[in-house]
Amino acid sequence: MSRDLRIAVIDKNPLRAAILEEGLRAAGHMSVTHIDDTADLLDRIHAIDPDVILIDLESPSRDVLEQMFKMSRSVARPIAMFVDRSDTGMIDAAIDAGVSAYIVDGLRSDRVKPILDTTISRFNAFAKLKKELETAKSQLEDRKVIDRAKALVMRAKSIPEEQAYALMRQVAMNEGKKIADVARSIITAAELLG
């Protein structure tokens, strides 16, 4: 975490925000923007384009939490949320909303750096897992499409599976396409003609 991160601190309480800002500056982070009014919060976050978001909610109501969760869902950034009190439902909702760290009764300037580092590490680990899951889902979907197209080719040409796959692969190579794209074209053509 050597570079100076752009950090947004969302806190209506100036004293509590000062604790966070003190901890951030002690950790070497000087690009800190304090947001003390949550009106048009999402627009302001997009305008700041922070690398990390720290949210401090002294005694959050359900409405305030939902506003923060809505913002969390729409920005792909590491987010740490400090609250004074909580329950299992709030923690579950925070995690579902993409909050990387949910700290209950832990607002101290000397804790800010390790919490910030953990928040970024957890966000990056989750993002990596999410990308791997999306890749696996895409590969599975491609496999299904290829199998379906292969069956169409086998039936149309009365050839065995290996030969149908080899034919599709040859077309993909000749046209510089992925075999899954060729398979989609075969399925589309079969649907139009069938």
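See the values below:
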item	result
Residue in region 163-174 that is in contact with a Leu (Cβ under 8 Å, 6 or more places away or on another chain) and part of a helix (DSSP H, G or I) present	no
Restricting region 1-20 to residues that are of a type in the set (D, E, K, R), open to solvent by less than 90 Å² (accessible area, probe 1.4 Å) and farther than 18 Å from residue 40 by Cα, the residue that is modelled with the lowest pLDDT	4
Residue that is farthest from the chain's Cα centre (by Cα), among those in region 86-113 that are open to solvent by 30 Å² or more (accessible area, probe 1.4 Å) and either at pLDDT below 80 or of a type in the set (Asp, Glu) (or both)	110
Residue selected from region 21-49 under the condition modelled with pLDDT of 90 or more and on the phi > 0 side of the Ramachandran plot, by the criterion surrounded by the fewest Cβ atoms within 10 Å (Cβ to Cβ)	49
Residue under evaluation residue 47, criteria (1) over 22 Å from residue 121 (Cα atoms); (2) touching a residue at least 24 places away in the same chain (Cβ under 8 Å), criterion not met	(2)
Residues within region 57-70 that are under 23 Å from residue 120 (Cα atoms) and either of a type in the set (S, T, N, Q) or outside any helix (DSSP H, G or I) (or both), tallied	3
Search result, residues across region 45-96 that are among the basic types (Lys, Arg) and closer than 14 Å to residue 10 by Cβ	70, 77
Residue in region 147-160 that is open to solvent by 60 Å² or more (accessible area, probe 1.4 Å), hydroxyl-bearing (Ser, Thr, Tyr), outside any helix (DSSP H, G or I) and free of Cβ contacts under 8 Å to residues at least 40 places away in the same chain present	yes
Residues within region 71-83 that are surrounded by 15 or more Cβ atoms within 10 Å (Cβ to Cβ) and part of a loop (DSSP other than H, G, I, E, B), tallied	3
Residues located in region 95-117, provided they are in a helix (DSSP H, G or I) and either touching a residue at least 24 places away in the same chain (Cβ under 8 Å) or on the phi > 0 side of the Ramachandran plot (or both)	96, 109, 110, 111, 112, 113, 115, 116, 117
Answer residue from region 33-56, given it is of a type in the set (Val, Ile, Thr) and not in a helix (DSSP H, G or I) and is farthest from residue 6 (Cα to Cα) among those	38
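The values are calculated or read from the model by the stated rules, or taken from the named source; none is laboratory data. Nothing here was measured: the structure is a model prediction, and the numbers come from that model. Positions of Cβ are generated from backbone atoms using ideal geometry, with glycine treated the same way; all protein chains shown enter the neighbour counts. Each accessible area value is taken on the protein alone, full model and side chains, heavy atoms only, with ligands, DNA and RNA left out. Shrake-Rupley method; radii C 1.70, N 1.55, O 1.52, S 1.80 Å.
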